[in-house]
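Derivation of every value follows stated rules applied to the coordinates shown; laboratory data play no part. Values in this document were obtained by computation on a predicted structure and should not be read as measured data. So basically every Cβ, Gly included, is an ideal-geometry build from the backbone, and we count neighbours across all protein chains shown.
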Amino acid sequence: MSTYRQELKSRFATLGIVIVVVLTALLLRLWMMQVLTSDSFAALAENNRVREISLDAPRGRIYDRNGVELVTNRSALAVSIDPSHEDVRALLNRSRNADTADDPTRRELDDIFGEVAAMLEMTPGEVFERVADVKQEALRPRVIALDAPMDVVGQLLERQTDFPWVRVEEIAVREYPNGSIGAHLLGYTGAISESEYARSDVYAGYELGDTVGKTGAERQFESVLQGDKGWRRIEVNASGRPQGTLEEQPARPGNDIRLTIDIEVQRVAEEQLAAAIAEARRQGYTSTKAGAAVVLDVATGEVIAMASAPTYDPSAFLGGISTAEWEALNAKSSEYPLNNRAIMAAYPPASTFKVVTALAGLETGIASEGSTYVCTGTWTEMGKQWPKRCWKRTGHGTLSLRAGMKHSCDTVFYEIGYELYKRKAEELQAEARAFGLGRKTGIDLPGEVAGRIPDAEWKKEFNRNYPEYQMWLPGDTVNMAIGQGDTLASPLQMAALYAGIANDGTVMRPHVLEAVLDSSGAVVREVEPEVFAASGASEASLGVIGRSLVDVTRDGTAKGAFSGFGIPVAGKTGTAEVKGKDDYAVFCAYAPADAPRYAVAVLVEQGGHGGSVTGPAARNILAQLLGRPIVTIRTTDLSR
């Protein structure tokens, strides 16, 4: 019995020790929570009660070189939906739950969004698509409509009890006073994508849903145009619904920028490009839909105008763009209107490249201003089994280098190209690269292509899987001599080439930014002209080219376009052959020829002939620049 009592006593003692230890641990934990970590728990409690929402900063404005507003901001009434409202949140939670993901039924969407969607001429599904956007802060209202009619806004405000999750607020959005004019160059804005957000080197400090520049100047100068965001701290209840604003820090607008663009020249460039496309279609080139035009200041590289067709309306992206609209803008059938063909597309330069061939011939001593050639319409110097044709099948007869340029005689340039090939020094490629062809100009716009100046090494690599096609042949240089074969250049590069010829052989780097401005309009940064390529071409050779190009517009292949212009123009027509398509029309020029100020390049895809399609367009663009009348020109000149 005594043994049992002793064992029981021992068990109670052990139990007592356990109880003491447990109580001591609990008391210690309670002391730590109340004394040591009370600030942390207070902070957590505060975070559960307070939410911070960022406030977008108005983007900087964009002006042309004369201070005309190209892109500005305006206040717009935005209809948005609060995603934290219980009715909306229930739909969102169900569709986002990984285990039970299920889109709401049509009836559920109709029940919640149907009436509001009908007022805004949307479908409930379209409303839900915008509300369900996960690329935004959880509490940020989702904009579903901008600039809703005032009668609709009035109804929504009067019926807040019926639609407690709907808000009507004033926000800043981009405004385009000139409509779609300059759309490709200016670009558009949109919500930051997940891939952009992941680029911390560029988008550090941004949040999902922020508005950023997507293309053009809006994207290129994002860091300048984007201001500093503000913030608003709001109090929320246990359900996460906002209860009121506690504190707010206003946003700081972004800096303004002034571009080198002249909006009136830009307007004329786009009008003339459209007219050239219409003229090509009138001539029977029914596939014609696209083209580009570029105007440069030869002394500074400033881009005075840059047009691309087809174009688009940047205001379509305000408040977000629907999936259907986005797909339409990126469809092949629409000819990809979002692409800036002036810098993002490369084409065979055709006969406009003959200035490079002539320079290579002059600089190497193969040709001179007085050299003579015989054109019978068929050239067989590489062998009768490989005949090459001049565009004029009956031939031009005996003519000089200058006359060859004036009449765009292919035979003259076949001869020069063949002689260059036989020297085995790739001097034609070297001359082209000396003027910057085959590489990006470095223009301050996104998406530029490098074009291509082919050579033996390129051909070998391009055909690495086909050894029988790797050797560089005489025909490769001969084709290149007339701007065909594998030679490619963007309209910007061709404009820069002619600007370089006009500027004593020095090509200035093209640029669109002139200055960055502060909030008062004062200049805080100015862009200085920069040399892109110093060709080293001699004054004598450039003089021959200049005189030859004046011949072209005075009584050569561009005579019809420039008849009566009154100011000497140095220009060259071109008609590019593209396999499986109609010919592309090209024209490049600079003016005044005796005191060059501007260079222009115009290209129309599948537009036929440079003399009758792109030449007249370039003429009228130069007319706007030089104070000459703009006229309608119809010429039947089919020369190249």
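Subtracting the Cα-Cα distance of Thr380 and Glu327 from their residue separation scaled by 0.36 nm leaves 14.0 nm. Label-to-label distance for Tyr336 and Arg233 is 5.0 nm, based on points extended 7 Å past Cα in the beta-carbon direction.
From Cα pairs below 8 angstrom and at least 6 apart in sequence, can you work out the relative contact order of segment 542-640, rounded to a whole percent? Don't skip to the answer; put the middle values down first.
Working: 214 pairs, mean separation 24.9, N = 99.
Averaging sequence separation for qualifying contacts and normalising by length gives 25 percent for segment 542-640.
Computed from the C-beta positions of Thr394 and Asp486 and an R0 of 35 Å, the FRET efficiency is 0.75 to the nearest 0.05. The gain in end-to-end length when the Ala430 to Asn465 segment is fully stretched comes to 9.9 nm, 0.36 nm per residue minus the alpha carbon separation.
Taking Cα atoms, how many degrees apart are the long axis of helix 263-282 and the longest axis of the chain, rounded to 10 and kept between 0 and 90? The angle comes out near 60 degrees. The overall shape of segment 346-497 is oblate: from the C-alpha gyration tensor, with semi-axes ordered a ≥ b ≥ c, the ratio a/c is 1.5 or greater and a/b is no larger than b/c.
Sorted by packing (mean other beta-carbon atoms within 10 Å per residue), highest first, where do 280-293, 490-503, 314-327 land? Walk me through the intermediate numbers first.
Working: 280-293: 20.4, 490-503: 28.8, 314-327: 15.8.
Top of the packing list down: 490-503, 280-293, 314-327.
Compute the long axis of helix 354-364 from its Cα atoms, compare it with the longest principal axis of the Cα atoms of the chain, and write down the angle in degrees, 0 to 90, nearest 10. Value to nearest ten degrees: 70.
Given the alternatives (1) 25.5; (2) 28.8; (3) 30.3, Kirkwood radius over Cα pairs in Å as computed for this entry is given by (2).
Taken one residue at a time, the phi angles of segment 62-78 give Karplus couplings (6.51, -1.76, 1.60, θ = phi - 60°) of 10, 10, 8, 5, 9, x, 7, 5, 9, 9, 9, 10, 9, 7, 10, 7, 10 Hz. Gly and Pro are set to x.
Highest mean first, the peptides 603-613, 338-348 sorted by other C-beta atoms within 10 Å per residue fall in the order 603-613, 338-348. Look at the dipole of the chain built from charges on Cβ: of Ser223, Gly438, Leu622, the Cα furthest out on the positive end belongs to Gly438. For Lys459, the aspartates and glutamates whose Cα falls under 14 Å of its own Cα, not counting residues fewer than eight places away in the same chain, are Glu426, Glu468, Asp476, Asp486.
Note on Arg74, Arg554, Arg439: ascending count of other Cβ atoms within 10 Å places them as Arg74, Arg439, Arg554, the fewest first. Think of it as helices only: each DSSP H run of n ≥ 4 in the chain is worth -39500 (n - 2.57), and spread over all residues that comes to -10500 deg cm²/dmol at 222 nm. Take the Cβ atoms of Ile630 and Ala450, set R0 to 45 Å, and the FRET efficiency comes out at 0.85. Shape class for segment 407-447, computed from the alpha carbon gyration tensor (a ≥ b ≥ c): oblate, with a/c not under 1.5 and a/b at or below b/c.
Can you tell me the FRET efficiency between Ser287 and Asn73 if r is taken as the Cβ-Cβ distance and R0 is 45 Å, rounded to the nearest 0.05?
Values: r = 40 Å, r/R0 = 0.90.
The computed FRET efficiency comes out at 0.65.
When the chain is fully extended, how far beyond the present Cα-Cα distance does Ser519 get from Gln155, taking 0.36 nm per residue of separation?
On the way: separation 364, 0.36 × 364 = 131.04 nm, distance 3.81 nm.
Extending this stretch completely gives an extra 127.2 nm.
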